[in-house]
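Participant: Here you go, one structure.
The values are calculated or read from the model by the stated rules, or taken from the named source; none is laboratory data. Just so you know, these numbers come straight off a predicted model, no measurement behind them. Heads up, the Cβs are rebuilt from the backbone with ideal geometry, glycines too, and the neighbour counts pull from every protein chain shown.
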Amino acid sequence: MDAGTLALAAAISASDAQAAANAVPEPAPFKLDVSADFWLPRLEGHFTDNGADVDVRTVDVHDSTPSFGGTLGFRSDRIAFSVRGFAFSTTGATDASEAFTLGGITVNQGDAFHSSFSWWGFGGELLYDFYRPNAERPMMWSDAREGWKAPANNTDFSVFTTVSADIQSMARDIVDTTTSDSTTANEAFLTLELGIGVRVGFDTRESFPLVRRMEICGKAQAGLAMPMGSGDSSMGTASHIEADATAWFSPQCAAYFGYRLIGLSADAEELSLTGSLQGLRAGIKLEF
């Protein structure tokens, strides 16, 4: 091979190397995940419509009740969006331990009554991992760290922010079987929340082969609750707290266990509540 050919080959090789160095990194693969959980919440708080202050225990809608929730999520690199929902319903039947007035009727002490309460929610959440100190690029705009190597057990720690919007609907029925008086109240609220959370994940196959990877995640959100009906109402507050441990048995299948609290403090024409649904949950997640 003559000197000219060698020089040309060297120039082409250098050009290819420079092009590779300047190439835009391939985007992270798009992922879809579906989760379904069994939730065992109980209602805590007080009904406060029309100036009342009645504990949910007094109305006998405090018992823990099996409920269900789930999400459909989409993720690419540090950004994720999920559609989420839950449904809760409980009933009660007892004699009034004390008199109370709700929804325009008075249940006197000793009266037998039936009650029911339901609460469901549906909405969307946007999540952004803004800080990952163990990653090659701790922040999205950070330069790649020279000589970076993945940490032991592929440990990944991230701090993320969230923004969400949900519609939450409530219904309450009370029937005084002693007097035959009854009342029904329905209200819906739009909640807008901001939040922050942390997540840590690490491989476990070497120490516990059944589980490939563990993730521990916690987040807290707070924001506004706006009644969606007409009439006398005022803006209130909303909150959402979750903490979970997730065990991945394969790259596509995981099980999780944790705690969820959904809180609301808002006044509306028919039904006002300062309270929350809170309890343990467990579920499965599939990722594609």
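Participant: Given the criteria farther than 19 Å from GLY263 by Cβ, free of Cβ contacts under 8 Å to residues at least 12 places away in the same chain and not acidic (Asp, Glu), does ARG145 qualify? Show your work before the answer.
Facilitator: Numbers: farther than 19 Å from GLY263 by Cβ: yes; free of Cβ contacts under 8 Å to residues at least 12 places away in the same chain: yes; not acidic (Asp, Glu): yes.
Against the criterion (farther than 19 Å from GLY263 by Cβ, free of Cβ contacts under 8 Å to residues at least 12 places away in the same chain and not acidic (Asp, Glu)), ARG145 qualifies.
Participant: Among the residues of the range 144-158, is there at least one that is part of a strand (DSSP E or B), surrounded by fewer than 14 Cβ atoms within 10 Å (Cβ to Cβ) and of a type in the set (Val, Ile, Thr)?
Facilitator: The first filter runs over the range 144-158 and keeps only residues part of a strand (DSSP E or B), leaving 156-158.
Those still in the list that are surrounded by fewer than 14 Cβ atoms within 10 Å (Cβ to Cβ) too: none.
Scanning the range 144-158 turns up no residue that is part of a strand (DSSP E or B), surrounded by fewer than 14 Cβ atoms within 10 Å (Cβ to Cβ) and of a type in the set (Val, Ile, Thr).
Participant: So SER76 ticks every box in (1) surrounded by fewer than 15 Cβ atoms within 10 Å (Cβ to Cβ); (2) within 23 Å of VAL198 (Cβ to Cβ); (3) touching an Asp or Glu at 6+ places or on another chain (Cβ under 9 Å) but one. Which box is left unticked?
Facilitator: (3)
Participant: Still on this model: Hey, does the range 107-117 have a residue that's among the aliphatic types (A, V, I, L, M), farther than 25 Å from ALA225 by Cα and surrounded by 13 or more Cβ atoms within 10 Å (Cβ to Cβ)? I'd like the intermediate steps shown before the answer.
Facilitator: Keep residues of the range 107-117 that are among the aliphatic types (A, V, I, L, M), which gives 107, 112.
With the extra rule that they be farther than 25 Å from ALA225 by Cα, the set shrinks to 107, 112.
Those still in the list that are surrounded by 13 or more Cβ atoms within 10 Å (Cβ to Cβ) too: 107, 112.
Checking the range 107-117: at least one residue is among the aliphatic types (A, V, I, L, M), farther than 25 Å from ALA225 by Cα and surrounded by 13 or more Cβ atoms within 10 Å (Cβ to Cβ).
Participant: Next up: Sort through SER234, SER250, SER230, SER276 and tell me the only one that's under 25 Å from THR65 (Cα atoms), touching a residue at least 12 places away in the same chain (Cβ under 8 Å) and among the hydroxyl-bearing types (Ser, Thr, Tyr). Can you show your working first?
Facilitator: Numbers: SER234 fails: under 25 Å from THR65 (Cα atoms); SER250 fails: under 25 Å from THR65 (Cα atoms); SER230 fails: under 25 Å from THR65 (Cα atoms).
From the options SER234, SER250, SER230, SER276, the qualifying one is SER276.
Participant: Restrict the check to the range 8-25 and report whether at least one residue is at pLDDT 90 or above and β-branched (Val, Ile, Thr).
Facilitator: If we filter the range 8-25 for residues that are at pLDDT 90 or above, which is where we start, we get none.
So far as the range 8-25 goes, no, none of its residues is at pLDDT 90 or above and β-branched (Val, Ile, Thr).
Participant: For the range 118-132, what are the residues that are in contact with a Ser or Thr (Cβ under 8 Å, 6 or more places away or on another chain) and surrounded by fewer than 20 Cβ atoms within 10 Å (Cβ to Cβ)? Walk me through how you get there before you give the answer.
Facilitator: So in the range 118-132, the residues in contact with a Ser or Thr (Cβ under 8 Å, 6 or more places away or on another chain) come out as 118-121, 123-132.
Those that are in contact with a Ser or Thr (Cβ under 8 Å, 6 or more places away or on another chain) and surrounded by fewer than 20 Cβ atoms within 10 Å (Cβ to Cβ): SER118, TRP120, GLY123, GLY124, LEU126, TYR128, PHE130, TYR131, ARG132.
Participant: Can you pull out every residue in the range 173-209 that is farther than 22 Å from ARG84 by Cβ and basic (Lys, Arg)?
Facilitator: Within the range 173-209, just ARG205 meets the criteria.
Participant: Considering GLY85, GLY4, which residue is at pLDDT 95 or above, of a type outside the set (D, E, K, R) and surrounded by fewer than 18 Cβ atoms within 10 Å (Cβ to Cβ)?
Facilitator: None of the others qualify; the one that does is GLY85.
Participant: Hand me the list of strands (runs of 3 or more DSSP E) wholly inside the range 28-125 holding 3 or more residues that are under 23 Å from GLY258 (Cα atoms). Please lay out each step first, then the result.
Facilitator: Details: elements: 30-47, 67-76, 79-95, 100-102, 105-107.
Of the strands (runs of 3 or more DSSP E) lying wholly inside the range 28-125, those with at least 3 residues that are under 23 Å from GLY258 (Cα atoms) span 30-47, 67-76, 79-95.
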